[in-house]
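Here's the structure, in C-alpha cells; my notes come after.
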Amino acid sequence: MGIFESLVLGLSVACTPSNLMLCFAGCLLGTAIGVLPGIGPLATMAMLLPVTFHLSPAGALIMLAGVYYGAQYGGSTTAILLKLPGEASSVVTCLDGHEMALQGNAGVALAVAALSSLIAGCLTTVLIALAAPSLAEVALAFQSADYVAVLILGLVAAIVLSQGSLLKAIAAILVGVLLGIIGTDVSTGEHRLTFGLAPLVDGVGFVPVAMGLFGVAEIVSNLASTAGHGTQPVAVKRLWPSRAELKALLFPSLRGTVVGAAFGLLPGGGPTIGAFSAYSLEKKLSATPARFGRGALEGVAAPEAANNAAAQASFIPMLSLGIPPSALMALMIGAMMIHGIAPGPNFIVKQPALFWGLIASMLIGNLMLVLLNLPLIRIWVLLLRVPYRYLYPSILVLCCIGTYSISNSAADVLIMAVFGFVGWFMKKIEIEPAPVLMGLVLGPMLEENFRRALAVSGGDPIIFLQRPISAGLLAVSAALLVAAALPWIRRKRETVFTDPL
Amino acid sequence: MLKTLPKSCLIAVAAAGFALLACALPAGAFPDQPIKFIMPWPPGGGSDISMRLVAEAASKKFGKPVVVVNRPGAGGSIGIREIAEAPADGHTVGMIGSGAVAAQYLNANANALSDLQPIALFGDEPAALITRSDSPFKSLKEFVDAAKAAPGTIRNGNDQPGGAAFTFISLYERLLGVKVNKVAYGGYAPAVTALLSGEVQTISIAVPDVAEYHKAGRLRILGVSGASRHFLAPDVPTFKEQGFDAMVGSWRTIAGPKGMPADRLKALEKGFLDAMNETEFRERARARGFLVTPGGVVESGKLWDTHDQQLYPILLESGLVKARKKG
C-alpha cells in the first residue's frame with residue numbers, strides 16, 4: 001500500500017462525523033487541562049479511559065491522542081501569561097514567554113507558541129507516516145548506558161541555558177537531583193531522606209515543586225518587591241506577530257522540531273528534555289544570546305515546537321513496536337487492550353485503518369488546535385487586565401486545587417507552599433529555578449539507568465565509554481561544559497549579560 | 001408523639017413495600033446498594049481492564065452496579081488498605097493480586113493478607129521465560145545448561161525486587177537450580193524493550209505482554225511455567241513438558257475486608273463466580289488476552305497460602321523481608 005492510499009484510508013477513518021467530534025473533544029479537553037495548572041494529560045486520560053469502553057477503537061485512540069497533544073498547546077498559555085508551567089515540558093516556555101508578556105507582547109508570545117506547535121505537529125505527523133518503523137528501531141539501539149549519557153546531556157543543557165553564574169546553575173541542578181532522591185529506593189525498597197514522613201515515601205512530585213518555585217514564588221516576590229501593591233503587566237501592545245516575527249520563528253521551530261522528535265523517541269522525559277535542549281541549542285546558535293531570558297521570540301518558538309514534536313514522536317515506538325516510552329503511551333496501550341487490540345511489532349500491518357486513522361487525526365487535530373487557540377488569545381490576554389487583588393488569590397486557589405487533585409494529598413499542597421518560599425528565596429539570591437526542576441525530573445532517571453548500566457556491566461564503569469552512543473554523547477556534554485566553563489567565555493557571558501541591549 | 005405517629009406509620013408502610021419488592025428479587029436483600037470495587041492499580045493496565053470486565057458482568061448478576069474505583073499508589077498498598085478498612089458489610093470489595101503477598105513483607109505499612117477475606121479467583125496466569133529469536137538458547141534446557149556453566153552471568157530483565165517479574169526469576173533460580181544476573185526495570189514494558197535492544201538476554205514476565213513479539217518472530221518464548229500451554233502461544237511447551245517441574249505465575253483474586261457475614265460472603269462468591277463462568281464473559285476476557293480460571297473462596301485462599309509459602313523463603317534470602325518476619 002502506497003503512502004497516498006494509506007493517507008486516503010486514514011482520512012476516511014478520521015473524517016467520519018463521530019471521529020471528528022471525538023478529535024475535537026479531545027483537543028478541547030487537552031487545551032483546557034493544559035491551561036489549568038496541575039491537572040495533566042496523564043490524569044485526564046486515566047479518567048477518560050473507562051469511557052472509551054463504549055467508543056470504537058479508532059475513536060478512543062483519536063480522542064486520547066487529542067488530549068495529549070492538546071495539553072502541549074494549552075500548557076504554554078499559563079506559562080506565558082502567569083509564569084505557571086502547566087506541564088513539565090512548558091517550564092522553559094516560562095523563561096522568555098512570561099518576559100514577553102511583561103513587555104506587552106503576550107498576544108505575540110501566545111501566537112508564536114501556537115504556530116510553532118503547529119509546524120512541529122504537522123512535520124512530526126508526516127515523519128510518523130513516512131518512517132515510523134525504522135525510527136522505532138533507532139530507539140532500540142539505546143541501552144541504559146546510553147540513556148545515562150542522554151540524561152547528562154540534558155542536565156548540561158540546563159546549565160548552559162541559565163543566565164549568570166555557572167556555579168549557581170550547577171548548584172541548582174544538584175539540589176534538584178537531591179530532591180529527586182527523596183522517596184523509595186528503586187533497587188532496595190529502602191526509604192531515603194523521608195524523615196519518617198509517610199507522604200515523602202513516594203517522593204516529591206514535579207507539580208507541587210514547579211507550582212511552588214514558579215507560580216507561588218512569582219506572586220510572593222511580586223508582592224514583596226512592590227510593598228504589597230503587586231505589579232500590573234504593561235498593556236497589551238499587539239495581539240499578532242508581525243511578518244518579521246513570523247519569519248524569525250520559522251527556523252527555531254524547525255530546529256526545535258528536530259530536537260524534540262529525536263528526544264521523543266526515547267523513553268522518559270521526552271518533551272521535557274527536548275524543550276530544554278532546543279532552548280539551549282537556540283541560545284548557543286544565537287548571535288545575541290543575552291536576549292534569552294529577556295523575552296526572546298526564539299526562546300518561545302523552539303521549546304514549544306520541541307515539546308509538541310516530542311509528544312507526537314513518542315507515538316512512534318508505541319505504534320510500531322508496542323513499546324510505551326512514557327506512562328501516557330502505556331495508557332494508550334491500555335485503551336487498545338480494552339478493545340482487544342494487541343499492540344506489537346505487527347500493529348501497523350494488522351491494523352492499517354487504526355494506524356493511519358490516528359495519523360490523519362493528528363493532522364486534523366493540530367489544525368483544529370490552532371483554529372481553537374488563535375481566537376482564544378484575545379480572551380486569554382484579558383486575564384492580564386484582571387487586578388492583582390483578584391488575580392493573585394485566584395491563581396493561588398487554582399494552584400492548590402491543581403496540586404491537590406494529582407493524588408488527593410494535602411501534603412502536596414504543603415510541599416507547594418514550602419517551595420513557594422524556597423523560590424522566593426532563590427530569586428533573592430539570584431539562583432534560577434528552572435535547573436532545579438530539570439534536576440528533579442532527570443535525577444531519578446539518571447540514577448536508575450546509571451545503576452542498571454553498572455548492573456549490566458558487572459560494576460565496570462568502562463561501559464559508558466565502550467558503547468559508541470554513550471561515549472559520543474558524553475563527549476558532547478563534556479565539550480559543552482568545558483566551553484561554558486572556560487574563563488574567557490564566562491567573562492564574555494557576563495559582559496554581554498550586563499551590557500544594556 | 002401524636003405528630004410523629006403518621007410519619008412512622010408511613011415509614012413502616014414504605015419498609016413493608018420495599019421488603020415485598022426485595023422478596024420479589026431473586027438475589028434477596030443483599031446487595032441493597034451499589035458495590036464499590038477498589039482497584040489498587042491505575043486505569044489502563046491489565047489488572048484494571050480485567051477487573052472492569054468482571055465488574056460489568058457481575059453488575060448484571062447482582063442487579064446492582066459494581067463500580068470500579070481506582071486507588072493506586074505505594075505499590076498497591078493504598079488501595080488494599082481501603083479494602084481492608086472498609087465496613088465488612090459486603091458492599092466494598094477489591095482486587096488482590098499476587099503482588100500483595102510480597103508487599104506485606106516489603107512494606108511495614110502494607111496490610112497483611114490476614115486482614116482480608118478472599119472471595120473469588122479471576123485467573124492464575126503462568127509466567128514465562130523469554131529470549132530474543134537470535135539467541136543461542138533454543139529451549140529451556142539450553143538456557144539451564146548455559147546458566148549452570150557460568151553462574152550469574154546471563155542477564156535477566158525483571159522488575160524491582162519484590163515485583164512480579166523479580167519473583168518469577170527468583171523462583172526459577174530456585175526451582176531450576178541456576179543463578180542469573182537480575183537487572184531491574186520499571187515494569188514489564190521497559191523489560192521487553194531491554195530484551196529487544198539486547199541489553200539483557202532473557203526476561204521473566206507473563207505471556208500476554210510478549211505474545212505479539214513471539215508471533216512476529218522477534219522474541220522466542222522458551223517455556224511457560226503453568227499447568228498447560230497458554231492459548232496466546234500454543235506452540236510453546238510448558239516447563240513440565242521440557243522436563244522441569246516448576247509452576248510459577250501470578251494471579252488476580254477478588255477480596256473484601258475480614259469479618260463479612262457468611263450469607264453475604266456466599267452471595268458475593270456466587271455472583272462473581274456466575275459472572276466469570278458465563279461464556280460471553282470468557283470470550284471477552286480471552287479476546288483481551290486474559291486467562292480466566294474462576295474459583296471460589298476456598299480456591300482463592302489456598303492460592304494465597306501456597307504463594308506465601310513459596311515466596312517467603314525467597315524474599316528472606318534476598319533481604320527483602322522488612323516486616324512481619326516469621327519466627
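When the range A:430-456 is filtered for residues that are buried (at least 24 other Cβ atoms within 10 Å of the Cβ) and either among the charged types (D, E, K, R) or in contact with a Cys (Cβ under 7 Å, 6 or more places away or on another chain) (or both), only A:452 remains.
Determine whether the range A:430-447 contains at least one residue that is within 11 Å of chain B (Cβ to nearest Cβ), free of Cβ contacts under 8 Å to residues at least 60 places away in the same chain and touching a strand residue (DSSP E or B) at 6+ places or on another chain (Cβ under 9 Å). The answer is no; no qualifying residue exists. Among residues of the range B:178-190 that are within 8 Å of chain A (Cβ to nearest Cβ) and over 10 Å from residue B:158 (Cβ atoms), those with a beta-carbon under 7 Å from a residue that is assigned to a loop (DSSP other than H, G, I, E, B) and of a type outside the set (Asp, Glu) at least six positions away or on a different chain give the pairs B:181/B:152; B:181/B:153; B:181/B:154; B:189/A:323; B:189/A:324; B:190/A:267. If you check B:134, B:145 for being assigned to a helix (DSSP H, G or I), among the charged types (D, E, K, R) and either buried (at least 23 other Cβ atoms within 10 Å of the Cβ) or more than 8 Å from chain A (Cβ to nearest Cβ) (or both), only one passes: B:145. Only one of the numbered conditions (1) assigned to a strand (DSSP E or B); (2) in contact with a Lys or Arg (Cβ under 8 Å, 6 or more places away or on another chain); (3) of a type outside the set (Lys, Arg) is not met by residue B:119, and that is (2). Restricting A:357, A:365 to those that are in a helix (DSSP H, G or I), away from chain B (no Cβ under 14 Å) and over 23 Å from the mean Cα position of the chain (by Cα) reduces the list to A:357. In the range B:71-90, of all residues being assigned to a loop (DSSP other than H, G, I, E, B) and more than 9 Å from chain A (Cβ to nearest Cβ), the one that is nearest to residue A:191 (Cα to Cα) corresponds to B:71.
Mind listing just one residue for me: the one in the range B:28-58 that is surrounded by fewer than 22 Cβ atoms within 10 Å (Cβ to Cβ) and without any contact (Cβ under 8 Å) to a residue 12 or more places away in the chain and, of those, farthest from residue B:264 (Cα to Cα)? Filtering the range B:28-58 for residues that are surrounded by fewer than 22 Cβ atoms within 10 Å (Cβ to Cβ) and without any contact (Cβ under 8 Å) to a residue 12 or more places away in the chain, the one farthest from residue B:264 (Cα to Cα) comes out as B:45. Within the range A:13-28, the set of residues being more than 22 Å from residue A:374 (Cβ to Cβ) and without any contact (Cβ under 8 Å) to a residue 12 or more places away in the chain comprises A:16, A:17. Comparison of B:253, B:202, B:193, B:167 shows that the only residue that is surrounded by 21 or more Cβ atoms within 10 Å (Cβ to Cβ), among the hydroxyl-bearing types (Ser, Thr, Tyr) and at the interface with chain A (Cβ under 9 Å from one of its Cβ atoms) is B:193.
Within the range A:143-157, does at least one residue satisfy the condition of being closer than 30 Å to residue A:481 by Cα, free of Cβ contacts under 8 Å to residues at least 12 places away in the same chain and among the charged types (D, E, K, R)? Don't jump to the end; show me each part of the working.
So the first thing to find is which residues in the range A:143-157 are closer than 30 Å to residue A:481 by Cα, and the list is A:143-157.
Now drop any that are not free of Cβ contacts under 8 Å to residues at least 12 places away in the same chain, which leaves none.
For the range A:143-157, residues closer than 30 Å to residue A:481 by Cα, free of Cβ contacts under 8 Å to residues at least 12 places away in the same chain and among the charged types (D, E, K, R): absent.
Note on the range A:322-342: residues that are within 7 Å of chain B (Cβ to nearest Cβ) and within 14 Å of residue B:192 (Cα to Cα) total 4.
Is it true that residue A:348 is touching a residue at least 60 places away in the same chain (Cβ under 8 Å), under 14 Å from residue A:60 (Cβ atoms) and over 21 Å from the mean Cα position of the chain (by Cα)? Let's see the steps before the verdict.
Working: touching a residue at least 60 places away in the same chain (Cβ under 8 Å): yes; under 14 Å from residue A:60 (Cβ atoms): no; over 21 Å from the mean Cα position of the chain (by Cα): yes.
No; evaluated as a whole, the condition is false for this residue.
Screening the range B:91-116 for residues that are in a strand (DSSP E or B) and small (Gly, Ala, Ser) and picking the one that is surrounded by the fewest Cβ atoms within 10 Å (Cβ to Cβ) gives B:97.
Each reported figure results from applying straightforward, stated rules to the coordinates on display, with no laboratory input. Model, not experiment: these values are computed from the prediction. Neighbour counts run over all protein chains shown; Cβ positions are idealised from the backbone, glycine included.
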